[in-house]
1. Give PHE227, PHE239, PHE219 a once-over and let me know the one that is of a type outside the set (Asp, Glu) and either under 19 Å from the mean Cα position of the chain (by Cα) or surrounded by fewer than 16 Cβ atoms within 10 Å (Cβ to Cβ) (or both).
2. Looking only at residues that are in contact (Cβ under 8 Å) with a residue 24 or more places away in the chain and of a type in the set (Val, Ile, Thr) in segment 2-36, which one is nearest to VAL140 (Cα to Cα)?
3. Which of the residues that make up segment 258-301 are touching a strand residue (DSSP E or B) at 6+ places or on another chain (Cβ under 9 Å), surrounded by fewer than 20 Cβ atoms within 10 Å (Cβ to Cβ) and under 16 Å from ALA224 (Cα atoms)?
4. Select the strands (runs of 3 or more DSSP E) contained entirely in segment 82-200, then report the ones holding at least 2 residues which are surrounded by 15 or more Cβ atoms within 10 Å (Cβ to Cβ) and in contact (Cβ under 8 Å) with a residue 60 or more places away in the chain.
5. What's the total number of residues in segment 1-16 that are of a type in the set (Val, Ile, Thr) and surrounded by fewer than 16 Cβ atoms within 10 Å (Cβ to Cβ)?
6. Quick check: is even one residue across segment 70-81 open to solvent by 20 Å² or more (accessible area, probe 1.4 Å) and farther than 16 Å from MET150 by Cβ?
7. Looking at this structure, is GLY291 assigned to a helix (DSSP H, G or I) and out of contact with any helix residue (DSSP H, G or I) (no Cβ under 7 Å at 6 or more places or on another chain)?
Amino acid sequence: MLVNGQWMEDWQPVQAKDEKGGFVRQTSAFRNWVTPDGSAGPSGNGGFKAEHGRYHLYVALICPWASRALIGRRLKGLEEVISVSVVEPELSAQGWRFGAEGDPVQGATYLHELYTRADPAVSGRATVPVLWDKLQDTIVNNESADILRMMNTGFGDLAKRDTDLYPEDLQQDIDGLNARLYSTLNNGVYRAGFATTQEAYEEAFDQVFTMLDELEARFRDGRAYLFGTRFTEADVRLFVTLVRFDAAYHGLFKCNLRRIADYPALSAYLERILVIPGVRETVNLDHIKRGYYSIKALNPGGVVPRGPKLAWAA
């Protein structure tokens, strides 16, 4: 963890708890936006104009938050516009680490070095995703929800126009569902996995499966995606949790009432998304398992399970 720009202790998954002993996720520190003309976005400062080759995305294939950004980059055709680096799957004592090839932008060994380069007095965890500006030599944004929306509209004519992940007529509905998905499921599995009391765990556990049951019922009407025939950012946000559920959250995070494989409609939905061009390439089951099971607070021995056998991974 960083304290005033200095790495102080071995990486830990929980930095804050509520009064029930529940996991509290830290707030993202960098909230600037890339925009087509460089004007300020919904938060932060301006000066980050969309330009070919200017920005670099740091991700971990284990991480659902980073995978949101990676999927957005693929679906919007920004692979040649935004370069990308993937950190090692296992969490080291100093958090995310670059592999033998290193960091191509700064030559860093650990992701936290980029945080202190952007802000020498920064405190907190060094998380992915990170969108880096090579021109200003700083972090633009480390909030996955923001970065996903930047991928959708922030790069203007540099991005594909045939995919709109946040269509105007659905924005209110998307925002409402996103908020519920985040609290009960996207972050709910973490609240269950990192709970430090039985009360906090059971509360999170119940919310996870209440939401999964609701989603299963939602898809029983035959719709392809959350809002019918249109694939939106809400689907991205749901997908990245579902695709990790049986391999990590069911066992390691103790969300073991049911698997996604036990939900026929959600399983079919998961497989529909995996065949969207570019999506499957963002999913690495080996990284997911090695990454989550490297969390020493939950798995001190570091043993990685051989299963589960997943139909979509065959």
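1. On the way: PHE227 fails: either under 19 Å from the mean Cα position of the chain (by Cα) or surrounded by fewer than 16 Cβ atoms within 10 Å (Cβ to Cβ) (or both); PHE219 fails: either under 19 Å from the mean Cα position of the chain (by Cα) or surrounded by fewer than 16 Cβ atoms within 10 Å (Cβ to Cβ) (or both).
The unique qualifying residue is PHE239.
2. Here the residue is VAL34.
3. Within segment 258-301, the subset touching a strand residue (DSSP E or B) at 6+ places or on another chain (Cβ under 9 Å) is 269, 272-273, 282, 284, 287, 294.
Narrowing further to those that are surrounded by fewer than 20 Cβ atoms within 10 Å (Cβ to Cβ): 272, 284, 287, 294.
Correct list: ARG272 only.
4. Working: elements: 83-86, 130-133, 138-141.
Because the criterion is at least 2 residues that are surrounded by 15 or more Cβ atoms within 10 Å (Cβ to Cβ) and in contact (Cβ under 8 Å) with a residue 60 or more places away in the chain, the strands (runs of 3 or more DSSP E) in segment 82-200 that meet it are 130-133, 138-141.
5. Looking only at segment 1-16, we keep the residues that are of a type in the set (Val, Ile, Thr), and these are 3, 14.
Applying the additional criterion that residues be surrounded by fewer than 16 Cβ atoms within 10 Å (Cβ to Cβ) yields 3.
So the answer is 1.
6. Within segment 70-81 (the criterion being open to solvent by 20 Å² or more (accessible area, probe 1.4 Å) and farther than 16 Å from MET150 by Cβ), the answer is yes, since at least one residue qualifies.
7. On the way: assigned to a helix (DSSP H, G or I): yes; out of contact with any helix residue (DSSP H, G or I) (no Cβ under 7 Å at 6 or more places or on another chain): yes.
Yes.
Here is a yes/no grid of residues against (1) in contact with a helix residue (DSSP H, G or I) (Cβ under 7 Å, 6 or more places away or on another chain); (2) surrounded by fewer than 19 Cβ atoms within 10 Å (Cβ to Cβ):
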{"residue": "ASP18", "(1), (2)": "no, yes"}
{"residue": "ARG31", "(1), (2)": "yes, yes"}
{"residue": "VAL34", "(1), (2)": "yes, no"}
{"residue": "SER39", "(1), (2)": "no, yes"}
{"residue": "SER43", "(1), (2)": "no, yes"}
{"residue": "PRO64", "(1), (2)": "yes, no"}
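The values are calculated or read from the model by the stated rules, or taken from the named source; none is laboratory data. Because the structure is a prediction, the values reported are computed rather than measured. Cβ: placed from backbone, ideal geometry, glycine included. Neighbour counts: every protein chain shown. Accessible surface areas use protein heavy atoms only, side chains included; no ligands, DNA or RNA. Shrake-Rupley method; radii C 1.70, N 1.55, O 1.52, S 1.80 Å.
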